[in-house]
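Below: one structure, written as structure tokens.
Every number here is computed from the coordinates shown, using simple stated rules; none is lab data. The structure displayed is predicted, hence computed values, not measured ones. Here the Cβ positions follow ideal geometry from the backbone for every residue, glycine too, while neighbour counts run over all protein chains shown.
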Amino acid sequence: MCPRVSNKPRTRTFNLQVPLSNLNPCPNMNGIDAYPHQYTTRRKANIQIIPLIDVVFFLLATFVLFTLTLNRLFTIPLTLPVAGREGTGEPPLVLQVTDAGIYWDKELITVRELPPRLETYAKQTKDPRIMLSGDDHAKYGATAAALDEVRKAGIKEVSIETVWRGTGR
């Protein structure tokens with residue numbers, strides 16, 4: 001391999017009687033030009049930030065407008081229920097499930113006493129409503145069993161309380 005002498009481009013004078021294959025400065029390279037840089041000028045890559053920002057904002061605006069049109073395509077007309085209850089002013093019956101048993105309006109009862117009490121409550125009350133809650137130590141299985149008993153008694157309006165309430169209150 002021929003060493004590079006300098007970075008300056010070489011100038012050659014051509015003798016028309018000499019074949020072009022003899023012009024190679026390194027005869028052992030077999031016709032490969034040893035100095036390709038002398039014929040081309042290399043420029044450094046220049047990244048323009050302003051057009052890049054323009055393209056990014058264009059893509060962002062395109063995707064935002066596209067997603068807004070998708071939202072309109074997949075909507076279903078739906079009338080939502082209104083919260084609140086008119087009519088009877090009596091509060092619902094509170095059943096609180098604990099690890100010790102079930103509180104029936106602040107009275108501790110066993111799990112076996114729950115079905116007959118629910119049946120009599122459903123028969124005696126015009127519009128029976130139940131609010132089911134649990135304390136910190138209530139098990140999921142006991143709460144599901146109490147909810148099943150309410151369903152078996154035929155009570156359709158059941159609320160589940162999600163606010164913390166002390167045991168028996």
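Tabulated data for the structure shown
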item: Test item: Cα-centred dipole of segment 93-160, Lys/Arg +1 and Asp/Glu -1 on Cβ, debye; result: 300
item: Net lengthening on full extension, Thr162/Thr120 (0.36 nm per residue, minus Cα-Cα); result: 12.5 nm
item: Loop-located trypsin sites (Lys or Arg not before Pro) in segment 99-128 whose Cβ has at most 10 other Cβ within 10 Å (DSSP); result: Lys106, Arg112, Lys126
item: Neighbour-count order for Tyr103, Tyr121, fewest beta carbons within 10 angstrom listed first; result: Tyr121, Tyr103
item: Extension reserve of the Phe58-Asp127 stretch, reckoned as 0.36 nm per residue once the Cα distance is removed; result: 18.8 nm
item: Ranking of Val82, Val97 by count of other Cβ atoms within 10 Å, fewest first; result: Val82, Val97
item: Sparse-neighbour loop sites [GluC sites (Glu not before Pro); segment 115-165; at most 15 other C-beta within 10 Å; DSSP]; result: Glu161
